[in-house]
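The values are calculated or read from the model by the stated rules, or taken from the named source; none is laboratory data. From a predicted model like this one, the values you see are computed outputs, not experimental measurements. Using ideal geometry, Cβ is built from the backbone for each residue, glycine included, and neighbour counts are taken over all protein chains shown.
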Amino acid sequence: MQQNQTLPAYLTERLTAVYGEQAPEIIAGMVKKKTAFRVNTLKSDREEVLSQLALAGISVEPLPWSDIAFTLNADQEETLRSLPIYAEGKIYLQSPSSMLPPIVLQPNAGEDLLDMAAAPGGKTTQMAALTGGKAFITACEKDKVRAERLKYNLSVQGASRVSVLVQDAKALSDFLRFDRILLDAPCSGSGTLIAGDERSCRAFSEKLVKNSATLQKQLLVKALGLLKAGKTMVYSTCSILPEENDEVVRYALSRCKAQVLPISFAGKERVPTLPSLPGTMCVAPTDLYEGFYVALLQKG
Ligand code: SAM
């Protein structure tokens, strides 16, 4: 891989072209993250988890926008993974940025939800928990091996009422209709790279960005087609490149009757962001957050 400083050269070039003087600060945030998890309210609660952590000598810090999500030093992750609360699915290890799309989507009990690109299931299980296990979730995943991981996680986390479809989401029946859709799209992962870590940068390439953008546009147009009129969906990626984010949203809006709704949740102002289309949110990479993009769309 051709490297420019500590990131793939193409990514450094694009970040500089897009974000100008902000690029060095963005790259400085592409570091190894703290470990983060959320309490799985389908199986436990904040008090039980915090008391088990205290007994194990693990100290955690709450995230500013959630009562049930915490961070801890990465060197305590192994101990955390050895605890019964982990094996029993009472917690789910998930990056803070990755918890945002379901929070923005705000699914409700009784709704028909589609998680269009679901494995390994972090956000499917989070949506199940947010709805008290009372929503009807269709979780679609194209990759057979990843779908097995999804099924395993659903089972450990106690997420029932989830139907897993192992298929290409582009081929979902056009007769289906959902109350809410999450499209956490396959992407280049540009927001998750760790500068200087060859392993984390290995898969990234210009071609991956271009192929991802093409697929993302197809999936987002498909998602809007499957959404009931007047209802909302979230489009998210773990990329901070506009060609996978704002440009995909603009493309879909030029073809479908839909609009961007402004994102709002308690504590939103505490999340560091980069410039993006008004109403959307592009999370800046830091030692706590992965670079991430979230857009809330309403079908006309
Ligand atoms: N939402 C997941 C979570 O929070 O755990 C992560 C999803 S990951 C970003 C994207 C997923 O989409 C991958 O598991 C990938 O295999 C799957 N995928 C890629 N192309 C797809 C397609 N055409 N239809 C359905 N799933 C697809």
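For Ala266, indicate whether it is of a type in the set (Gly, Ala, Ser) and surrounded by 19 or more Cβ atoms within 10 Å (Cβ to Cβ).
In short, no.
Screening segment 60-91 for residues that are among the charged types (D, E, K, R) and out of contact with any helix residue (DSSP H, G or I) (no Cβ under 9 Å at 6 or more places or on another chain) and picking the one that is nearest to Arg38 (Cα to Cα) gives Glu61.
Looking only at residues in segment 135-163 that are within 11 Å of the ligand (Cβ to nearest atom) and outside any helix (DSSP H, G or I), the one that is farthest from Pro107 (Cα to Cα) is Asp143.
Count of segment 232-262 residues, restricted to those that are within 22 Å of Tyr19 (Cα to Cα), of a type outside the set (S, T, N, Q) and within 17 Å of the chain's Cα centre (by Cα), is 9.
Looking across segment 181-213 at every residue that is hydroxyl-bearing (Ser, Thr, Tyr), part of a helix (DSSP H, G or I) and away from the ligand (no atom under 11 Å from the Cβ), the one that is modelled with the highest pLDDT is identified as Ser190. For residues that are more than 23 Å from Val39 (Cα to Cα) and of a type in the set (Val, Ile, Thr), tally how many sit in segment 134-161. Within segment 134-161, residues that are more than 23 Å from Val39 (Cα to Cα) and of a type in the set (Val, Ile, Thr) number 1. Considering Glu141, Glu148, the condition of being over 30 Å from Arg270 (Cα atoms) and surrounded by fewer than 24 Cβ atoms within 10 Å (Cβ to Cβ) is satisfied by Glu148 alone. Note on segment 199-225: residues that are closer than 18 Å to Lys299 by Cβ and not small (Gly, Ala, Ser) amount to 8. The set of residues in segment 120-134 being more than 10 Å from the ligand (Cβ to nearest atom), in contact with a Lys or Arg (Cβ under 8 Å, 6 or more places away or on another chain) and assigned to a loop (DSSP other than H, G, I, E, B) consists of Gly133, Lys134.
Residues in segment 202-233 that are in contact (Cβ under 8 Å) with a residue 24 or more places away in the chain and among the small types (Gly, Ala, Ser): Ser205, Ser212, Ala213, Ala223, Gly225, Ala229, Gly230.
In the condition set (1) exposed (fewer than 15 other Cβ atoms within 10 Å of the Cβ); (2) more than 13 Å from the ligand (Cβ to nearest atom); (3) modelled with pLDDT of 95 or more; (4) part of a helix (DSSP H, G or I), Phe175 is compliant with all but (4). With respect to the stated conditions, Leu80 fails to be within 16 Å of the ligand (Cβ to nearest atom) and either touching a Lys or Arg at 6+ places or on another chain (Cβ under 7 Å) or not charged (D, E, K, R) (or both).
The set of residues in segment 257-282 being in contact with a Phe, Trp or Tyr (Cβ under 7 Å, 6 or more places away or on another chain) and free of Cβ contacts under 8 Å to residues at least 12 places away in the same chain is empty. Scan segment 139-175 for residues that are farther than 16 Å from Met116 by Cα and in contact with a Pro (Cβ under 7 Å, 6 or more places away or on another chain) and the total you get is 1. Of all residues in segment 242-300, those being assigned to a helix (DSSP H, G or I) and either farther than 11 Å from Leu100 by Cα or among the hydrophobic types (A, V, I, L, M, F, W, C) (or both) number 15.
Is there a residue in segment 218-241 that is away from the ligand (no atom under 11 Å from the Cβ) and more than 26 Å from Phe136 (Cα to Cα)? Yes.
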